[in-house]
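K.L.:
A single structure is presented below for examination.
The values are calculated or read from the model by the stated rules, or taken from the named source; none is laboratory data. All of these numbers come straight from a predicted model, not from anything done at the bench. Neighbour counts run over all protein chains shown; Cβ positions are idealised from the backbone, glycine included. When the accessible area is computed, the model is the full protein with side chains, heavy atoms only, and any ligands, DNA or RNA have been set aside. Shrake-Rupley method; radii C 1.70, N 1.55, O 1.52, S 1.80 Å.
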Amino acid sequence: SEIYRDGVAGRRPRIPVGYAQLERAAQRRLSRAAFAYIAGSAGLERTADANADAFRRRRIVPRVLRDVSARDLSVELFGVRRPTPLLLAPIGVLELARRGGDAAAARAAAALGVPAVLSTQASQPMEEVAAAMDDAAPGASRWFQLYWSSSRDLVASLVERAERSGCEAIVVTLDTHVLGWRPRDLALGYLPFSRGLGIAQYTSDPVFRQLVRERAAVAVRPRTTPTPAALAAFAGILRHHPGPLREKLRSGEPLAAVETFLDVFADPSLTWDDLAFLRERTRLPIVLKGVLHPDDARRALDAGVDAVQVSNHGGRQIDGEIAALDALPGVVAAIDGRAPVLFDSGIRGGADAVIALALGARAVAIGRPYAYALAVAGEAGVRELLRNTIAELDITLGLAGVRSVAELDAGILAPAASPV
Ligand code: FNR
């Protein structure tokens with residue numbers, strides 16, 4: 001009602017309300033390469049399209065005369081009741097959207113009680129973002145997303161820092177041990193890597209800095225060989241963009257930091273057995289992000305993790321991968337209520353959130369929409385995006401005849417319009 005009152009009072013929105021318009025507004029603000037990095041997906045972008053299609057195929061069948069005058073959007077996650085079932089998905093290199101973007105987005109989330117998941121690939125160290133969140137709302141909920149490095153010491157150090165920064169959970173992203181084949185980025189020279197952006201979490205880490213020093217002393221070969229095609233592409237990009245890197249060198253950031261990052265950012269040799277290493281090092285809940293197969297969901301429970309997140313990274317990793325929403329029911333059935341199932345990839349508004357929650361997600365993470373809102377209007381833009389999403393969720397719930405998010409189930413959905 002606040003949003004409608006603002007409209008009646010003639011207050012203009014800070015960001016376009018519709019997703020397509022928001023994306024276009026962001027595109028106008030961003031350089032071609034920055035927009036390509038955020039908007040782009042893998043290959044022919046069939047999976048990114050499939051994520052949207054999967055939502056289009058689902059239909060809500062509302063129930064009437066059910067007294068929905070008081071509605072409850074709250075959910076319980078890891079022993080804490082949260083005001084809404086929303087999360088901010090981890091998005092790396094947010095400085096491409098706006099300088100100081102990590103802190104700005106996290107502050108907006110903090111103001112609305114939405115946990116912010118801080119990326120390993122962030123443009124600002126987690127300590128800085130945590131302080132900004134505390135400034136906006138003391139103790140605001142933050143989680144840390146981990147890209148599992150080929151250096152175990154670095155993994156341990158990042159997790160320790162996350163604990164010290166007040167993070168409430170560790171989200172291990174499992175679909176990016178090799179970077180996806182992204183034509184839009186490849187055509188424009190992979191901006192983040194050519195500029196050495198998005199490595200603040202690393203350059204602020206004592207273990208990483210030691211790795212850089214060692215690398216400078218002896219030409220250390222990568223311990224694991226991340227997929228040749230991807231790293232060859234990066235090496236080529238580094239060679240072809242000497243300008244920005246020379247600037248980095250002049251500004252005191254050694255090229256060795258970028259090269260060391262490329263060596264250690266992922267560990268494609270990871271297996272289920274490695275999770276024990278993390279389990280031994282933290283008592284925080286562990287979420288596995290990027291689980292799509294029901295067997296993997298069961299395996300995750302056996303491995304002692306606390307939640308899984310159904311996600312295909314917004315279609316940025318495998319072209320032709322199953323739509324995340326189509327994978328959700330299978331994972332929910334496999335988990336069978338034994339742990340929360342989180343969801344992302346394709347959430348564009350509150351009605352999408354209702355559909356994913358009805359299919360069994362406990363909470364849903366918003367990705368690209370907030371990166372665009374950040375590009376268009378900074379912290380206030382992200383706050384407005386979240387407010388709009390919460391409002392649409394609340395309205396959709398009420399109109400569907402459902403009093404609370406906790407009550408939502410697949411009973412409000414028509415059978416899927418076509419098989420997957
Ligand atoms: C991402 N995503 C991501 N995930 C992650 O675990 N760590 C990261 O650093 C990033 N970085 C990142 C950058 C950009 C520009 C995008 C668009 C996405 C994936 C993200 O968490 C989430 O899975 C997707 O954004 C969901 O897809 P949609 O809904 O944004 O299309």
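K.L.:
Wholly within the range 321-420, which helices (runs of 4 or more DSSP H) include no fewer than the required count, namely at least 3 residues that are open to solvent by 20 Å² or more (accessible area, probe 1.4 Å) and within 30 Å of Arg98 (Cβ to Cβ)? Spell out how you get there, then give the answer.
P.N.:
On the way: elements: 324-335, 350-358, 368-399.
It comes to 368-399.
K.L.:
Has the range 33-48 got any residue that is closer than 24 Å to Thr396 by Cβ and not basic (Lys, Arg)?
P.N.:
So in the range 33-48, the residues closer than 24 Å to Thr396 by Cβ come out as 48.
Subsequent filtering for residues that are not basic (Lys, Arg) retains 48.
Checked against the condition, which is being closer than 24 Å to Thr396 by Cβ and not basic (Lys, Arg), the range 33-48 yields at least one hit.
K.L.:
If you scan the range 1-60, which residues turn out to be part of a loop (DSSP other than H, G, I, E, B), hydrophobic (A, V, I, L, M, F, W, C) and at pLDDT 95 or above?
P.N.:
If the condition is that a residue be part of a loop (DSSP other than H, G, I, E, B), hydrophobic (A, V, I, L, M, F, W, C) and at pLDDT 95 or above, then Ile15, Val17, Leu30, Ala42, Leu44 are the ones that fit.
K.L.:
Scan the range 300-319 and give yes if some residue there is charged (D, E, K, R) and within 13 Å of the ligand (Cβ to nearest atom), otherwise no. Steps first, answer last, please.
P.N.:
Step one: of the range 300-319, the residues charged (D, E, K, R) are 302, 306, 316, 319.
Checking the rest, the ones that are also within 13 Å of the ligand (Cβ to nearest atom) come to 316.
Among the residues of the range 300-319, at least one is charged (D, E, K, R) and within 13 Å of the ligand (Cβ to nearest atom), which makes the answer yes.
K.L.:
Something else now. Among what's in the range 281-290 and is away from the ligand (no atom under 12 Å from the Cβ) and open to solvent by less than 40 Å² (accessible area, probe 1.4 Å), pick the residue that is nearest to the chain's Cα centre (by Cα).
P.N.:
Across the range 281-290, the extreme among qualifying residues is Ile286.
K.L.:
Tell me yes or no: at least one residue of the range 295-311 is outside any loop (DSSP other than H, G, I, E, B), within 24 Å of Ile38 (Cβ to Cβ) and either modelled with pLDDT of 95 or more or out of contact with any Gly (no Cβ under 9 Å at 6 or more places or on another chain) (or both).
P.N.:
For the range 295-311, residues outside any loop (DSSP other than H, G, I, E, B), within 24 Å of Ile38 (Cβ to Cβ) and either modelled with pLDDT of 95 or more or out of contact with any Gly (no Cβ under 9 Å at 6 or more places or on another chain) (or both): present.
K.L.:
Looking only at the range 164-202, count how many residues are over 13 Å from Gly92 (Cα atoms) and of a type in the set (Ser, Thr, Tyr).
P.N.:
3
K.L.:
Separate question: Got a number for residues in the range 1-22 being in contact with an Asp or Glu (Cβ under 8 Å, 6 or more places away or on another chain) and of a type in the set (D, E, K, R)?
P.N.:
Within the range 1-22, residues that are in contact with an Asp or Glu (Cβ under 8 Å, 6 or more places away or on another chain) and of a type in the set (D, E, K, R) number 1.
K.L.:
Looking at (1) of a type outside the set (S, T, N, Q); (2) farther than 28 Å from Gly314 by Cα; (3) in contact (Cβ under 8 Å) with a residue 40 or more places away in the chain, which is the only condition Ala131 fails?
P.N.:
(3)
K.L.:
Based on this model, can you work out whether Leu118 counts as in contact with a Cys (Cβ under 9 Å, 6 or more places away or on another chain) and aliphatic (A, V, I, L, M)?
P.N.:
In short, yes.
K.L.:
When residues of the range 34-82 are filtered for being crowded, with 16+ Cβ neighbours inside 10 Å and within 12 Å of the ligand (Cβ to nearest atom), how many remain?
P.N.:
Total satisfying the criteria: 17.
K.L.:
Next question, about the same structure. Is it the case that the range 52-59 has a residue that's of a type in the set (Lys, Arg) and touching a strand residue (DSSP E or B) at 6+ places or on another chain (Cβ under 8 Å)?
P.N.:
Kept after step one, since they are of a type in the set (Lys, Arg), are these residues of the range 52-59: 56-59.
With touching a strand residue (DSSP E or B) at 6+ places or on another chain (Cβ under 8 Å) added as a condition, the list becomes 58-59.
Yes, the range 52-59 has at least one match.
K.L.:
If you go through the range 320-351, how many residues are touching a residue at least 24 places away in the same chain (Cβ under 8 Å), more than 14 Å from Leu87 (Cα to Cα) and either within 15 Å of the ligand (Cβ to nearest atom) or not small (Gly, Ala, Ser) (or both)?
P.N.:
So the count comes out to 14.
K.L.:
Does Arg215 fit the bill of being part of a loop (DSSP other than H, G, I, E, B) and either at pLDDT below 55 or over 29 Å from Phe35 (Cβ atoms) (or both)?
P.N.:
no
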